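Asker: First the structure, which I've put down as structure tokens, then a few questions once you've had a look.
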Amino acid sequence: MFNDGTPYRVIGVSLYSFDSLGIATNLGVISGTSDVSMASNGINIVIIDPTGNGYFYTPSTTTLSQITD
């Protein structure tokens with residue numbers, strides 16, 4: 001859950017957010033289909049898959065990007 005109460009989940013290969021009615025919004029593609037780790041600083045969400053690929057999601061701009069550094 002994000003600091004505003006919005007839940008985020010990776011389901012299959014996609015990142016989703018859910019509104020208060022439980023309606024899912026697809027936010028983008030994440031590689032792989034295994035469990036991921038997610039962490040937030042209240043502004044951004046970092047997602048790491050088991051192979052070490054990382055993604056950065058910014059809810060205020062709805063931007064999902066792969067970490068390349």
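Asker: Averaged per residue, what accessible area in Å² does the chain show with a 1.4 Å probe, protein chains only?
Answerer: Here the per-residue accessible area is 63 Å².
Asker: Taking the Cα atoms of region 1-65, what is the range of coordinates along each of the three principal axes, in descending order and whole Å?
Answerer: The Cα atoms of region 1-65 stretch 32, 23, 17 Å along their principal axes.
Asker: Now for a different question. How many percent of the accessible area of the chain is carbon or sulfur, using a 1.4 Å probe?
Answerer: 53
The values are calculated or read from the model by the stated rules, or taken from the named source; none is laboratory data. Just so you know, these numbers come straight off a predicted model, no measurement behind them. Calculation scope for accessible area: heavy atoms of the full protein, side chains included, ligands and nucleic acids excluded. Shrake-Rupley method; radii C 1.70, N 1.55, O 1.52, S 1.80 Å.
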